[in-house]
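What follows is a short report on a single structure.
The values are calculated or read from the model by the stated rules, or taken from the named source; none is laboratory data. Computed from a predicted structure; not experimentally measured. Please note: Cβ atoms are built from the backbone with ideal geometry, for glycine as well, and neighbour counts cover all protein chains shown.
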Amino acid sequence: MYSVLATVLFATLALAVPTFKLNGCDVSKANMSLPSGQTLLVAPTDTKPRFISIGVGVQNYSCSTTHTYTSIGAVAELFDISCLSPSQFTQATDMFNDIWEKTPKGVTAEQVIKGLSLVGTPSVLGQHYFVTNPITGSGLSPKWDFTSASLKGKSNAFAVAAKIGNVPASSPSNIDWLSLNVTQGDLAKHIFRVETRGGQPPASCNPDSPPISVKYVSQYWLYGGSF
Ligand SMILES: *[C@@H]1O[C@H](CO)[C@@H](O)[C@H](O)[C@H]1NC(C)=O
Ligand SMILES: *[C@@H]1O[C@H](CO)[C@@H](O)[C@H](O)[C@H]1NC(C)=O
Ligand SMILES: *[C@@H]1O[C@H](CO)[C@@H](O)[C@H](O)[C@H]1NC(C)=O
């Protein structure tokens, strides 16, 4: 089944990108496209983009006593898309989202990626997940971790970050776009979650119901860092 998915992605991307080179390009001159008319998300001027990735995964929520879902973290695999052009960033985000939405329940993003790697590309930069806030020791902090994938063996190739700004996506079914400053790790100084697809929970829930995972795809832009 995974190789079928891989073939679909390969065929689709091969049309869009004749040479099908996704990985390992210099992105220091790339410009992130941000919504106009807002000041909460601003591209850093003190650092340059270092990694541009697409995250494919789930946002997890539990039902609170007020009958609404609250975030309990997320987990995603991060693909390198550094060799695409700006218009292809959006196209690729849509394609990954399309494939991920069509992936049968029970197949994880990791398994989809294992299937994709059968065709040699795209490559996985790392993983995004949540950890206990290392500074306060309570609550959750998002982490981007390349130490098990593209920067294996480099123990500081991670970033734990704190949100400094968010703007709603243009569609209410998509999670917010975010700006984060890194508090730990050398992978980046600033991280942006942009071009989000999906990930929003239903508007209400029954407090007895178990936690849910909602599929999402987004771009993550990592600025600065020492790699
Ligand atoms: C990014 O924007 C700058 C300033 O507008 C421009 O000079 C540069 O060519 C852009 N980079 C890319 C990769 O398009
Ligand atoms: C989110 O849910 C998935 C299962 O859908 C699970 O594998 C993962 O560990 C959960 N992560 C968090 C941070 O809750
Ligand atoms: C985030 O980083 C930017 C640039 O280094 C800095 O100007 C800003 O004060 C930081 N924001 C917070 C809330 O720490």
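Looking only at the range 72-91, residues that are in contact (Cβ under 8 Å) with a residue 40 or more places away in the chain and either out of contact with any strand residue (DSSP E or B) (no Cβ under 6 Å at 6 or more places or on another chain) or within 15 Å of ligand 1 (Cβ to nearest atom) (or both) come to 9 in all.
The single condition from (1) modelled with pLDDT of 95 or more; (2) surrounded by fewer than 19 Cβ atoms within 10 Å (Cβ to Cβ) that His190 fails is (2).
Let's see how each residue does on (1) more than 16 Å from ligand 1 (Cβ to nearest atom); (2) under 21 Å from Ala92 (Cα atoms); (3) loosely packed, with under 14 Cβ neighbours inside 10 Å:
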site	(1), (2), (3)
Ile135	yes, no, yes
Lys143	yes, no, no
Lys154	yes, no, no
Ala157	yes, no, no
Ser170	yes, yes, yes
Leu178	yes, yes, no
Ser204	yes, no, yes
Trp221	no, yes, no
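Only one entry in Asp186, Asp208 is within 16 Å of ligand 3 (Cβ to nearest atom), over 16 Å from the mean Cα position of the chain (by Cα) and in a loop (DSSP other than H, G, I, E, B), namely Asp186.
Within the range 151-174, the set of residues being assigned to a loop (DSSP other than H, G, I, E, B) and within 23 Å of Thr196 (Cβ to Cβ) comprises Pro168, Ala169, Ser170, Ser171, Pro172, Ser173. Scanning the range 144-157 turns up no residue that is more than 24 Å from Glu110 (Cβ to Cβ) and modelled with pLDDT under 95. Only residues that are closer than 19 Å to Ser213 by Cβ, among the hydrophobic types (A, V, I, L, M, F, W, C) and either within 14 Å of ligand 2 (Cβ to nearest atom) or surrounded by fewer than 23 Cβ atoms within 10 Å (Cβ to Cβ) (or both) were counted across the range 90-109, and they come to 4.
Restricting the range 33-89 to residues that are surrounded by 15 or more Cβ atoms within 10 Å (Cβ to Cβ) and acidic (Asp, Glu) leaves a set whose member that is nearest to ligand 3 (Cβ to nearest atom) is Asp80.
Yes/no per residue for (1) in contact with a strand residue (DSSP E or B) (Cβ under 9 Å, 6 or more places away or on another chain); (2) within 16 Å of ligand 3 (Cβ to nearest atom); (3) in contact (Cβ under 8 Å) with a residue 60 or more places away in the chain:
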{"position": "Thr132", "(1), (2), (3)": "yes, no, no"}
{"position": "Leu140", "(1), (2), (3)": "yes, no, yes"}
{"position": "Thr147", "(1), (2), (3)": "yes, no, no"}
{"position": "Leu178", "(1), (2), (3)": "yes, yes, yes"}
{"position": "Ile191", "(1), (2), (3)": "yes, yes, no"}
{"position": "Arg197", "(1), (2), (3)": "yes, no, yes"}
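As a summary of the residue check, Ser226 satisfies the conditions (1) surrounded by fewer than 21 Cβ atoms within 10 Å (Cβ to Cβ); (2) assigned to a strand (DSSP E or B); (3) within 16 Å of ligand 3 (Cβ to nearest atom) except for the one numbered (2).
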